[in-house]
Amino acid sequence: MDSRQPFSTYTQAKRFGAPYKTITLARVRVLRLIATAITCTCSMAQPLMLPTPNQALFEQGREDAFFAPTPGKPWTTGCFGCVRSEGMQMHEGIDIRSVQRDAKGEPTDPVWAVAHGTVVYINTNPGLSTFGRYVVLRHFIDGIEVYSTYAHLRAVRNGLAVGQQLQPGELIGIMGRSSSSPGSISKDRAHLHFELGLLLNEHFAAWFKNAFPEQRNDHGMWNGQNIIGLDPHAIFLLQHKHGSNFNLLDYVRNQTELCRVFVRSTNFPWLRRYPQLIRQNHRAQSEGVAGYEIALNFNGVPFELTPRAASEINARGRFVLLSVNEAELSRNPCRKLVTRHGGKWQLADNGLRLLELLTYQP
Ligand SMILES: [Zn+2]
């Protein structure tokens, strides 16, 4: 089956009307000019540009001018990873500070596409997500499909539509503090929540309805839970340092392993979407593939998949935990994918749920 079929049908079916707030055309033109100027100076050195005028990330020691922390906490709480609740809560993106405001103190920073991409989702109803108003773009960078998410927007660019192609630096909207819990982001903390990630499963909506029948999902497959985050901070810094020698696919392939699992499934969307992450195994290829051995990073990103023959597997069960990297787990424990029970490691609820979503095929 062609995995792209349901994908394109879905995006074509979803069209959104005018955003809640509109931006005047003249202003859009000015913002585009600024964006183009910045793109021209940065894009030669880096395939991904920063999504707002705040460029302090690349100035040594100015992290506190770039990251918006949680109230009363250091700038690191605005980073990606196990940075919240004393390291036990995951923040799956980065929070970028506002650098320009109107007379009322609300942010006016333009938010730009970080790379050439296609608009795949626009949520203009802030009440429907903790992301508030948000936009998701799909990109193909270094041969891998990657998604960027721009959340808490004050306004979405007037006329922005699903299916539209955007150039790097093209305006998406204006930074804000919209969220389904009004007032949860104070004026001084207004920021862009920015994510870069991979799409777990295009059948997310059906899986979610089965797994959580009592919970709402207003965003189909574009629910934030279905885009598994990479570290944008690390990616921006690495490509700033290495320029065109940075390769996003290599970055994904070289994640630090948190654990290794075996899944007794041979046909699931990730295999078709990310074939670049599958390794060769001649024994499985000649005897027949019985399942996949998968390396997960601390956030659960399945970054290396090896087909296995039945003769190579001596464990029973749909999902089998093969190994745990305890050093990595102690550095990054917050996703709670595995747990120790009676001295033995096993998949925790979060780990099982991730593998169920990953391998779900209706
Ligand atoms: Zn955030």
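Derivation of every value follows stated rules applied to the coordinates shown; laboratory data play no part. Keep in mind it's a predicted model, so treat the numbers as computed, not measured. Methodologically, a virtual Cβ is constructed for each residue, glycine included, from the backbone with ideal geometry; neighbour enumeration extends over all protein chains shown.
Descriptive notes on the structure:
- Helices in the chain, meaning DSSP H runs of at least 4 residues, each add -39500 (n - 2.57). Divided by all residues, the mean residue ellipticity at 222 nm is -6500 deg cm²/dmol.
- Simple spin-label estimate for residue 244 and residue 340 gives 4.9 nm between the two label positions (7 Å along the Cα-to-Cβ direction from each Cα).
- Residue-span extension gain [residue 181 to residue 310] - 0.36 nm each, minus C-alpha spacing: 41.5 nm
- Model label points for residue 330 and residue 350, set 7 angstrom from Cα along the Cα-to-Cβ axis, are 1.9 nm apart.
- Prolate/oblate/rounded call for region 295-345, Cα gyration tensor, a/c under 1.5 rounded: oblate
- Kirkwood-Stokes translational diffusion coefficient of region 255-359, alpha-carbon pairs, 37 °C, 0.692 mPa s, µm²/s: 235
- Using C-alpha pairs below 8 Å separated by at least 6 residues, the relative contact order for the chain is 16 percent.
- Dividing the Cα radius of gyration of the chain by its Kirkwood radius returns 0.97 for Rg/Rh.
- Number of Lys pairs (Cα under 24 Å; 8 or more positions apart or on different chains) in the chain: 8
- What the Cβ-Cβ distance of residue 206 and residue 266 gives, at R0 = 25 Å and to the nearest 0.05, is a FRET efficiency of 0.80.
- Summing +1 for each Lys or Arg and -1 for each Asp or Glu among the other residues whose beta-carbon sits under 12 angstrom from that of residue 143 gives -2.
- Kyte-Doolittle mean at least 0.0, axial Cα span of 30 Å or more - DSSP H helices of the chain: none
- A crude spin-label estimate for the pair residue 237 and residue 254, with each label 7 Å from Cα along the Cβ direction, gives 1.5 nm.
- Taking amide H as placed 1.01 Å from N in the peptide plane, residue 166 has its amide H under 5 Å from the amide H of 117, 118, 119, each at least 5 places away in sequence or on another chain.
- Net length gained if the chain between residue 361 and residue 142 were fully extended (0.36 nm per residue, minus Cα distance): 76.1 nm
- Backbone N under 13 Å from the residue 73 label point (7 Å along Cα→Cβ), restricted to region 306-348: 334
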